[in-house]
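Following: one structure in C-alpha cells, then a few remarks.
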Amino acid sequence: MASNVPPTPRGSFPRYLEHLSGSGKAIGVLTSGGDAQGMNAAVRAVVRMGIYVGAKVYFIYEGYQGMVDGGSNIVEAKWESVSSILQVGGTIIGSARCKAFHTREGRLQAAGNLVQWGITNLCVIGGDGSLTGANIFRKEWSELLEELAKNGKISEEAVTNYSYLNVVGMVGSIDNDFCGTDMTIGTDSALHRIMEVIDAIMTTAQSHQRTFVLEVMGRHCGYLALVSALACGADWVFLPESPPEEGWEENMCVKLSENRARKKRLNIIIVAEGAIDTQNQPISSEKIKDLVVKQLGFDTRVTILGHVQRGGTPSAFDRILASRMGVEAVVALLEATPETPACVVSLSGNQAVRLPLVECVQMTQDVQKAMDERRFKDAVRLRGRSFEGNLNIYKRLAIKLPDDQITKSNCNVAVINVGAPAAGMNAAVRSAVRVGIADGHKMLAIYDGFDGFAKGQIKEIGWSDVGGWTGQGGSILGTKRALPGKFLEEIAEQIRAHSINALLIIGGFEAYLGLLELSAAREKYEELCIPMVMVPATVSNNVPGSDFSIGSDTALNTITDTCDRIKQSASGTKRRVFIIETMGGYCGYLANMGGLAAGADAAYIFEEPFDIRDLQSNVEHLTEKMKTSIQRGLVLRNESCSENYTTDFIYQLYSEEGKGVFDCRKNVLGHMQQGGVPSPFDRNFGTKISARAMQWITTKLKESYGKGKKCVSDDCICVLGISKRNVLFQPVADLKKETDFEHRIPKEQWWLKLRPLMKILAKYKASFDVSDSGQLEPVQDQNTQGEPAAI
C-alpha cells in the first residue's frame, strides 16, 4: 500500500526503522508471573517486529522455569507461530512461578541455556517480580558466563561473543500496580470483565432492592476497585491505599440509607481484595455484608469475581497497547549498547516511553512500604497522579454534601449534547451535573441539541436525576446534528430567559462547528459572551484538539469483536477473505486502529490515498498468504476512503482476482458501532474529562463573576482534549487553522504514525518512524510540563 510518511517537525531529522536493520541479533521472549489478557498481542508484536528487522526470535516457554530447564523450552519462532493469537487471552507460551531462578545456581543454568542459542536480548512480559529478576540476571551476566567457561560448560569464545545481556520489560498485569506506567497490559480487559458483571448484577439488584458487595482482584493495589467504582457510580469503595476513616461503619450505613431515601433501589459496594482499615487490619466482603444486614436490615449479597477477571479475550485497547509496546521493546533492544540499563516500555498519556526498570520497581515497592507504615497519603501520591485524580473525582461524584454545606455560586450552567450519539455521553453528563452541583451551580439540561435549545427545551437537572447514567449507551438528553447558526436569535433569547452563565457542549464535529458559530456571533449577541467548553464525544474520533474522543473506544471494541467472530467463521471454510466497512466519515481512525486490534491484512483510509496498483498488490499479498498455514484474510475499509473504490468495487475486484485461490465476503458494520453499552475506558474518560471541564467553567465564572465582565476573549471558548501526555484547553479560534473543514478531520492526526505498524505486523514492508523513541526518562520527571493526561 502507498507509503505515507508523516511530516517531520522543522529542524529535526526523522529516524526510520528499516527492514532487516537488526540482522544478527537473537531475542528471547518470555511471559512470567500472573497471566494477563493482551500478553499474546505483545508476544506477536515482538516476534513479527523482530523477524521484520532480521533478528532471530525465540520463544522461552513457561517463563523463567523454561529458561532454567532449557531443552525443548527454547524454540525459534516463525511468522506463522503467532498467527490467530491476537484475540486469545492468557499467554500461549505459558507462564510459571519459578523458585530455581531465585537462586544463583538456577540463573547459572539459565545463562548456559541462552548462550547455547546465542540469545543476548531478553524481552520480559510480566509484573514487578519478573522484571526485578531479569535485572539481577543482567547484572550478573558476565560473571555467570565466566563461571560457565571455568566449569567447561561454554568456550572462552562464547564469553567474548555474548559478553553482555540487554533486557527490556513490558508490564503485563491486570492489577495496574506498576509505577511509571498509566496502564499495564491486561488492566483494561480486566475492567471489561468487571463491568460486564456489575452491569448484570445491577439489573437483578434493581428488581429486588438489594445491596451487593462485589470483591475485585488487584492484590495490594486498589486500581481495579477504584476505576470500576468510578465507572458504575458505586455507593462505597474500599481500597488498600486509602482506608476508610475511623467510624466508617456508621458513615457507610448513613450513606446507603440516604441513597435508598432518594428512591435508589439498589446499592453497590466495591471491595478490593487487599482492602484494609487504618490499623492495617483486613476488611472482608463478608464483614461488610454482616454490617449492612445488622445495621440496616437490607437484603445483601456478596459476589467475589475471582479469576474471571484474568480471563477472556483482550479488549481493543489492550491489543493496541500491547502491539505498540512490543514493537517499542524490539526498537529499544536494537538500539541498546552494553551500557544501556534495563528499561521498561510504558505508556504516559498517549505516548510510549522508556523508563529505567530499577527506578520503577523501587517506586512500586515504596508504595507497599508506605502502606505498611500507615502513610496512606504518601501511598496514594506514589501510585501516580492518575490514581490520585481518580480518587478525588470518585469522592466528589459519590458523596453529596447537604445543601446547607454547599456555597451557592448563583450561576446557572447548561449542558447540551450535539451531533450523533456516542457511548459514554451519559457518563459525561452525569459527571458534569454532579461536579457543577458540588461547586454550587444550578445545573440545566438542554434536550435535543441546538434545536431543543432554540425551542426552550431546558430543565433544571438534580444530583439524583443522573443516578445510574454511567452504564447507559446513546444520549439520554437527546442529540441532533442541527447547528446553531440558524437559531442564533432564539438561542440568545433562551440564554437570557434562563440566565445561563456558562455552557458545556458534549459532542462531535457538529459540536465543534457549533462552537465556532457561537464564538463568531458574540459581536452581535452579547448573551453569547459566556464561557463555553466542548468535550469531544464521537465514534469517529475526528475532533481537532484531542487524541481521543468519548465513544471511539466502544466503537473500536465493537469492530474488534465483530472481526474476531468473522475470522472465526472462516476457520472452517478456509481460503476466505472478508471486506469489512467501518464508520468514521473521512476519518480513518476506526479502520486503522480496528485493523491493528483485529490483525487485518490491510485497511483502506482516506488519509492515505491508494490506487488500483495498491489494490492489486494487496490481492497478490493475500494470494501468497493463502499458500501458508494461515488461510484467511481480513481487509477493513473506511466508509469514505474513496469515492470510486467503494466496498462493492473492492469486493468485486478481490472476488475476480482471487478466483480459484480464495473467495470473498463483505460486511458493512453500520450503526452497531454507535450503539451498545459504553466500554470502561469511555465511561471513565467521559467522567474524568467532563469533571475537568466543569472545574474550568467554575474557575472562569469566579474570574468574571461579580465584576460584571463579559467573556469576549478567545480563551473563553475552548475545546478540552488529550494531546500526547497532557490535558489541554485550546481556544476554538486557534484550532481553526488545524482543521480540514471539507473533510471534517484535523490536518494532523497522531495515529497515522501507527499506520506502518499495522502493515509491518501484516508482513508488508513499511518505514516506521522511531523519532519519538529513544531516551530513557527518569520516572519522577514525567509530565513536569502541563497537566498530565492519565488515561
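Just a few scattered comments:
- Restricted to strands (runs of 3 or more DSSP E) entirely inside the range 115-224, those with at least 1 residues that are not assigned by the TED database to the domain that holds I51 are 211-216.
- Identity of the residue in the range 473-482, farther than 30 Å from N259 by Cα and buried (at least 19 other Cβ atoms within 10 Å of the Cβ), that ends up farthest from the chain's Cα centre (by Cα): A482
The rows are residues; the columns are (1) modelled with pLDDT of 95 or more; (2) more than 17 Å from C411 (Cβ to Cβ).
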| position | (1), (2) |
| --- | --- |
| G686 | yes, yes |
| S690 | yes, yes |
| T698 | yes, no |
| S704 | no, no |
| G708 | no, no |
| V712 | no, yes |
| C716 | no, no |
| L720 | yes, yes |
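- Residue match in the range 80-96 (condition: open to solvent by 10 Å² or more (accessible area, probe 1.4 Å), within 30 Å of R565 (Cβ to Cβ), touching a residue at least 40 places away in the same chain (Cβ under 8 Å) and over 27 Å from the mean Cα position of the chain (by Cα)): yes
- Residue match in the range 334-352 (condition: assigned to a helix (DSSP H, G or I), assigned by the TED database to the domain that holds N40 and over 26 Å from N267 (Cα atoms)): yes
- Among (1) free of Cβ contacts under 8 Å to residues at least 60 places away in the same chain; (2) open to solvent by 10 Å² or more (accessible area, probe 1.4 Å); (3) under 20 Å from E335 (Cα atoms); (4) touching a Phe, Trp or Tyr at 6+ places or on another chain (Cβ under 9 Å), the one test that K139 misses: (4)
- Count - residues of the range 561-575 that are open to solvent by 80 Å² or more (accessible area, probe 1.4 Å) and either more than 18 Å from G660 (Cα to Cα) or within 28 Å of the chain's Cα centre (by Cα) (or both): 2
- Residues (open to solvent by less than 10 Å² (accessible area, probe 1.4 Å) and under 18 Å from E738 (Cα atoms)) located in the range 543-556: V543, P544, S549
- Subset of the range 370-381 [closer than 14 Å to C221 by Cβ and free of Cβ contacts under 8 Å to residues at least 24 places away in the same chain]: A370
- All of (1) part of a loop (DSSP other than H, G, I, E, B); (2) over 26 Å from R744 (Cβ atoms); (3) open to solvent by 20 Å² or more (accessible area, probe 1.4 Å) hold for R522 with one exception: (2).
- Residue that is nearest to M202 (Cα to Cα), among those in the range 455-472 that are open to solvent by 30 Å² or more (accessible area, probe 1.4 Å) and out of contact with any strand residue (DSSP E or B) (no Cβ under 7 Å at 6 or more places or on another chain): G468
- Matching residues in the range 494-510 - criterion: being touching a helix residue (DSSP H, G or I) at 6+ places or on another chain (Cβ under 8 Å) and either over 30 Å from G585 (Cα atoms) or surrounded by fewer than 21 Cβ atoms within 10 Å (Cβ to Cβ) (or both): Q494, I495, R496, I500, N501, A502
- F649 being within 29 Å of the chain's Cα centre (by Cα) and either surrounded by fewer than 23 Cβ atoms within 10 Å (Cβ to Cβ) or polar (S, T, N, Q) (or both): no
- Selection status of I51, under 19 Å from S130 (Cβ atoms), open to solvent by 30 Å² or more (accessible area, probe 1.4 Å) and among the β-branched types (V, I, T): no
- Some residue of the range 249-272 being assigned to a loop (DSSP other than H, G, I, E, B) and out of contact with any helix residue (DSSP H, G or I) (no Cβ under 8 Å at 6 or more places or on another chain): no
- Residues satisfying the stated conditions in the range 608-636, i.e. among the β-branched types (V, I, T), under 16 Å from T646 (Cβ atoms) and over 32 Å from the mean Cα position of the chain (by Cα): I612
- Within the range 637-648, residues that are more than 17 Å from H743 (Cα to Cα) and in the same structural domain as I612 (by the TED database) sit with their Cβ atoms under 7 Å from residues that are open to solvent by 70 Å² or more (accessible area, probe 1.4 Å) and not basic (K, R), at 6+ positions apart or across chains, in these pairs: T647/V668.
- The single condition among (1) of a type in the set (G, A, S); (2) assigned to a loop (DSSP other than H, G, I, E, B); (3) touching a residue at least 60 places away in the same chain (Cβ under 8 Å) that A570 does not satisfy is (2).
- Qualifying residue in the range 319-329 (condition: assigned to a helix (DSSP H, G or I), among the charged types (D, E, K, R), touching a strand residue (DSSP E or B) at 6+ places or on another chain (Cβ under 7 Å) and assigned by the TED database to the domain that holds N251): no
- For the range 225-245, the set of residues classified as part of a strand (DSSP E or B) and among the aliphatic types (A, V, I, L, M) consists of V237 only.
- Only one of the listed residues (T211, T187, T204, T160) is of a type in the set (S, T, Y) and within 30 Å of A111 (Cα to Cα). That residue is T160.
- Any helices (runs of 4 or more DSSP H) falling wholly within the range 374-454 and containing at least 1 residues that are in contact with a Leu (Cβ under 6 Å, 6 or more places away or on another chain) and crowded, with 22+ Cβ neighbours inside 10 Å: 385-398, 425-438
- Residue within the range 695-702 that is among the aliphatic types (A, V, I, L, M), assigned to a helix (DSSP H, G or I) and either touching a residue at least 40 places away in the same chain (Cβ under 8 Å) or in contact with a strand residue (DSSP E or B) (Cβ under 9 Å, 6 or more places away or on another chain) (or both) present: yes
- Residue in the range 654-677 that is at pLDDT 95 or above, out of contact with any strand residue (DSSP E or B) (no Cβ under 6 Å at 6 or more places or on another chain) and open to solvent by less than 70 Å² (accessible area, probe 1.4 Å) present: no
The values are calculated or read from the model by the stated rules, or taken from the named source; none is laboratory data. It should be emphasised that the depicted structure is a prediction, and the values quoted were computed from it without experimental measurement. No Cβ is skipped: glycine too gets one built from the backbone with ideal geometry, and neighbour counts run over all protein chains shown. Ligands, DNA and RNA are stripped out before the accessible areas are found, and what is left, the full protein with its side chains, is counted by its heavy atoms. Shrake-Rupley method; radii C 1.70, N 1.55, O 1.52, S 1.80 Å.
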